[in-house]
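Structure first, then comments.
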Amino acid sequence: MSSQQTDTRTRILETAWKLLESGDKAVRMSDIARAVGISRQALYLHFPNRAELLVATTRHIDRVKNVDERLAPSRSARSGVERLHAFIEAWTGYIPEIHGISVALRSMRDSDREAAEAWDDRMRAVRHGCAAAVRALVAEGRLAPELTEEEATDLLWMLLSVENWECLVRACGWPQSRYAEMTKTLAERALLAEAEPDQPPPAGVRRG
């Protein structure tokens, strides 16, 4: 791909990002092409359909915001609990930065298949991170015995939902730091096997 083509592709993605965050619930291909200053035909040369463009936009946002760097501590963690904490820290800290995009895509998803596909693609990525954290707990024998690996992944994915963040931070006024720490504590209580009597409980978990 030539540098000119790359530059045009980037301008398309940046424009789609801006339109989504502006609250435009349509974000039609024609609107994006007009804002970029290219024809619709030229736009379709880069993105054959709107679903592909919206998915590419969310992934572009991840690249711009260095998601791989944010996830590095989780991926290099030395224990399952450390990986769990690091992943929660990364995702809960990322939610405020992509909240505008999440609101736009979620508001469209019931009547807009392409928007639903874009949001679901992001949530699958989050679930993949949850599954990796749970696998690390399983490998160490730390997962609560009453949970299957899939159930544990379900629970962690639910705890990390944007809707929970909105409820606690936006609606209830919790500080971001309090929300993040309590999410870690809840995840530990939900997922970890009880410590042996001669061992201290996991960090953030009180006995009794």
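Side notes on the structure shown:
- Relative contact order (percent, whole number), the chain, Cα cutoff 8 Å, 6+ residue spacing: 18 percent
- Pairwise FRET efficiency - residue 65 versus residue 113, Cβ, R0 = 22 Å, nearest 0.05: 0.25
- All Cα-Cα separations within the range 62-175 were binned at 5 Å from zero, giving a P(r) of 2, 11, 19, 22, 20, 15, 8, 3, 0, each value a whole percent of the pairs.
- Reported value for the chain: 139 Å³ per residue, from the convex hull of its C-alpha atoms.
- HN-Hα J in Hz across the range 33-47 - Karplus 6.51, -1.76, 1.60, θ = phi - 60°, x for Gly and Pro: 4, 4, 5, 6, x, 10, 7, 4, 4, 5, 4, 5, 5, 8, 9
- Charge tally for residue 113 (other residues, Cβ to Cβ under 12 Å; Lys, Arg +1; Asp, Glu -1): -3.
- Once the GluC sites (Glu not before Pro) in DSSP loops with at most 13 neighbouring Cβ atoms within 10 Å are cut out of the chain, the longest remaining piece is 1-139.
- Residues whose placed amide H lies under 5 Å from that of residue 143, excluding near-sequence neighbours: 138, 193
- For the chain, the longest principal axis of the Cα atoms and the long axis of helix 149-159 meet at an angle of about 70 degrees.
Throughout, read-outs are computed from the coordinates displayed, never taken from laboratory work. None of these values were measured; they are calculated from a predicted model. Note that each Cβ is placed from the backbone with ideal geometry, even for glycine, and that neighbours are counted across all protein chains shown.
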